[in-house]
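Undergrad: Pasting a structure here, questions to come.
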Amino acid sequence: MTINASDLLSGASSARSTTSVVTKTTETNLSNLSNSRSALSGALTAATAKTMLSLSGVSGLMSLCALKSTDVTARTQTLKVTCDGTVVYNATIATSVSNFGQYACGVGGAYDVANSISSPSLPIKFQSTLLVEITSSLTETDKLTLYYDYVLEA
């Protein structure tokens with residue numbers, strides 16, 4: 001199936017619904033994300049959410065949103081995506097492997113066999129606001145990387 005960006009931006013059914021919430025996922029290898037935008041976490045306080053991306057007053061399509069660890073320290077990490085005031089992804093994983101993490105959307109989404117839950121691979125459409133937050137179980141600096149891509153409507 002061919003999906004055109006213009007179709008997704010116009011609200012075609014190939015974009016992910018903003019009413020469904022993924023709350024469980026499993027870690028997966030995120031080593032092939034070099035072509036996307038990225039941002040290091042900066043300073044994190046244990047168990048405290050940090051805003052990594054906030055857009056308002058615009059509409060568009062988020063084609064990739066992934067969070068990965070940069071080292072082998074054991075931690076839990078949470079990725080939360082809110083579109084237009086609705087939480088569409090909110091999941092925590094335990095990881096201790098460099099380059100492992102989770103996808104909220106984007107190609108190569110993880111699949112949690114034990115719970116039969118798949119991370120969405122479809123893009124997420126937003127009408128007016130997009131908020132991406134992360135949390136680590138540790139107080140640390142630059143140990144998580146957010147990878148993301150989005151397109152704004154004209």
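Undergrad: Under 15 Å from the 7 Å Cα→Cβ point of residue 43, by amide nitrogen: which residues of the stretch 135-150?
TA: 139-143
Undergrad: Let me ask something additional. How long is the gain from residue 87 to residue 54 if the chain were fully straight, where each residue apart is worth 0.36 nm and the alpha carbon distance is subtracted?
TA: Values: separation 33, 0.36 × 33 = 11.88 nm, distance 1.36 nm.
Extra length available between residue 87 and residue 54 comes to 10.5 nm.
Undergrad: Order the peptides 130-136, 83-89 from the highest to the lowest mean number of other Cβ atoms within 10 Å of their residues. Each step should come with its number before you reach the end.
TA: Details: 130-136: 21.7, 83-89: 18.0.
Descending mean neighbour count gives 130-136, 83-89.
Values in this text are rule-based calculations from the coordinates and carry no lab data. Keep in mind that this is a model prediction, so the values were computed, not measured. Heads up, the Cβs are rebuilt from the backbone with ideal geometry, glycines too, and the neighbour counts pull from every protein chain shown.
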